[in-house]
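The structure appears below as structure tokens.
The values are calculated or read from the model by the stated rules, or taken from the named source; none is laboratory data. What you are looking at is a predicted structure, and each value in this text was computed from that prediction instead of being measured. Ideal geometry is used to build each Cβ from the backbone, glycine not excepted, and the neighbour counts take in all protein chains shown. These area figures cover heavy atoms from the full protein model, side chains too; ligands, DNA and RNA do not enter into them. Shrake-Rupley method; radii C 1.70, N 1.55, O 1.52, S 1.80 Å.
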Amino acid sequence: MDLILRHASLPDGRRDIDIGISGERIAAVAPRLAAQGAIEIDCQGDLVCPPFVDAHFHLDATLSYGLPRVNASGTLLEGIALWGELKPQLTQDALVQRALAYCDWAVARGLLAIRSHVDVCDPRLLAVEALLHVRERVRDRIDLQLVAFPQDGLLRAPGALDNLRRALDMGVDVVGGIPHGERTMDEGARAVRILCELAAARGLRVDMHCDESDDPLSRHIETLAFETQRLGLQGRVAGSHLTSMHSMDNYYVSKLLPLMREAGVAAIANPLINITLQGRHDSYPKRRGMTRVPELLAAGIEVAFGHDCVLDPWYSLGSADMLEVAHMGLHVAQMTSQAAMAQCFALVTEAPARILGLDGYGIAPGCYADLVRLDAPSPIDAIRLRAARRLVLRRGRVLAEAAPARVTLHTDGGVRDIDFRLSPGAG
Ligand code: FE2
């Protein structure tokens, strides 16, 4: 073995497990491996997991905070207007530099797969060219999947359909959309049909911004599920945001969830952004706006949590930490049972890996040796502590290392280090 990680805890609850790595892949996962590793690391009971995966991000806008000004109201509509002001000023070099800087943050956080939407409403397709370049530049460390996203509306923005086709011709991976951004419900439905037909004809996946609205009658997810089934796209389609579902009538949702399940459509919620941007027309009570995550899961629908934005026109915070995303999702969805808290960890790891269709993901012999050692003993503790990434491995190679979070206390006349794990016996 080239490397053995010893005494690891795994996300499924197994403890004191050794993970043997040969070359780029995991060779063995078992207690007390007899083999010797050229390098051996004692994980001391820390959680070792496959990398974090972000199923929904905007790499073309990230780290542009303050350009050309900050979002004063913090609203979605001002964010879209601000992006419109910024777009004419974008240069390819600046786009590439910001995206690469974010990818460095991602690696440091053990986030090694990102599905990024890229706005195709600029006829120059500057952002598409920039992110295709970035996809190649980071290939050795991050699986970057790009979505052709007509931010200003496929039918509403002049030339958007033509631009989107060109973006796909250039190598963008996934067909995007924004049906609630079209002029009418009918046009939204027509956009969904056109985009799904395009994806079916080209053998591509679909991921649409869908019903990112507090309007309970925004029901494009119904059309998306219908077209998915009609065109045989089951398992390859995701609806992102789906915030209108928060406000929908319960009776209608009882019909909608089985439709989504039948069609194999996944749901991607973006907790940090949904809790920030939705409910802005409400006085009190204010709606949370996030889609119905526990109910979607209970219906057997694939769900993931995405980050969506970091330091961009829509969101002024964030640092590529999917544990922060899971932490917010857990709270907003009130997923506070032991099982539900652990499931929140899966919503930023294995669930988005399935939605992206990642190859060789997981902790089992034959999977890629893409692993993260966290400064926490379990998935729930990892979320609680937003734990440091002690070690980030990609294809068996160390990409990042960090010291554990410790504080030196000067109390009771002495000096001692503490950490924030529950002391043995305290539980
Ligand atoms: Fe988004």
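Among the residues of region 385-427, which ones are open to solvent by less than 50 Å² (accessible area, probe 1.4 Å) and at positive phi?
Gly396 - this is the single residue of region 385-427 that is open to solvent by less than 50 Å² (accessible area, probe 1.4 Å) and at positive phi.
Considering only region 71-90, I want to know if a residue exists there that is out of contact with any strand residue (DSSP E or B) (no Cβ under 9 Å at 6 or more places or on another chain), more than 30 Å from Asp282 (Cα to Cα), open to solvent by 30 Å² or more (accessible area, probe 1.4 Å) and at pLDDT below 95.
Within region 71-90, one or more residues are out of contact with any strand residue (DSSP E or B) (no Cβ under 9 Å at 6 or more places or on another chain), more than 30 Å from Asp282 (Cα to Cα), open to solvent by 30 Å² or more (accessible area, probe 1.4 Å) and at pLDDT below 95.
Looking only at region 18-38, count every residue that is under 18 Å from Tyr368 (Cβ atoms) and open to solvent by 10 Å² or more (accessible area, probe 1.4 Å) and tell me the total.
8
Identify all residues within region 27-45 that are in contact with a strand residue (DSSP E or B) (Cβ under 9 Å, 6 or more places away or on another chain) and without any contact (Cβ under 8 Å) to a residue 60 or more places away in the chain; write none if there are none.
Ala30, Pro31, Arg32, Leu33, Ala35, Gln36, Gly37, Ala38, Ile39, Glu40, Asp42, Gln44
Would you confirm whether any residue within region 76-98 is within 30 Å of Ile383 (Cβ to Cβ) and either away from the ligand (no atom under 16 Å from the Cβ) or not assigned by TED's automatic domain parsing to the domain that holds Asn274 (or both)?
yes
Taking the conditions exactly as written (away from the ligand (no atom under 16 Å from the Cβ) and either in contact (Cβ under 8 Å) with a residue 40 or more places away in the chain or over 19 Å from His180 (Cα atoms) (or both)), does Pro271 satisfy them or not?
no
Regarding Phe52, is this residue under 30 Å from Arg6 (Cβ atoms) and either in contact (Cβ under 8 Å) with a residue 60 or more places away in the chain or loosely packed, with under 15 Cβ neighbours inside 10 Å (or both)?
Yes, satisfied.
Among the numbered criteria (1) within 16 Å of the ligand (Cβ to nearest atom); (2) touching a residue at least 60 places away in the same chain (Cβ under 8 Å); (3) closer than 30 Å to Arg230 by Cβ, which one does Cys309 miss?
(3)
Would it be correct to say that Ala382 is over 16 Å from the mean Cα position of the chain (by Cα) and open to solvent by less than 50 Å² (accessible area, probe 1.4 Å)?
yes
If I ask for residues that are touching a residue at least 24 places away in the same chain (Cβ under 8 Å), out of contact with any helix residue (DSSP H, G or I) (no Cβ under 7 Å at 6 or more places or on another chain) and within 26 Å of Ile275 (Cβ to Cβ), which ones from region 85-100 would you list?
Leu86, Arg98
At least 2 residues that are more than 13 Å from the chain's Cα centre (by Cα) and surrounded by fewer than 16 Cβ atoms within 10 Å (Cβ to Cβ) in each: list the helices (runs of 4 or more DSSP H) lying fully within region 274-368 that qualify.
Those helices (runs of 4 or more DSSP H) span 293-298, 338-346.
Quick one: how many residues across region 109-146 are under 27 Å from Leu393 (Cβ atoms) and within 16 Å of the ligand (Cβ to nearest atom)?
Residues that pass the stated criteria total 7.
Say whether the condition of being within 15 Å of the ligand (Cβ to nearest atom), in a strand (DSSP E or B) and closer than 24 Å to Leu323 by Cβ is met by at least one residue in region 241-260.
yes
If you go through region 383-399 one residue at a time, do you hit one that is in contact (Cβ under 8 Å) with a residue 12 or more places away in the chain and touching a His at 6+ places or on another chain (Cβ under 6 Å)?
Yes.
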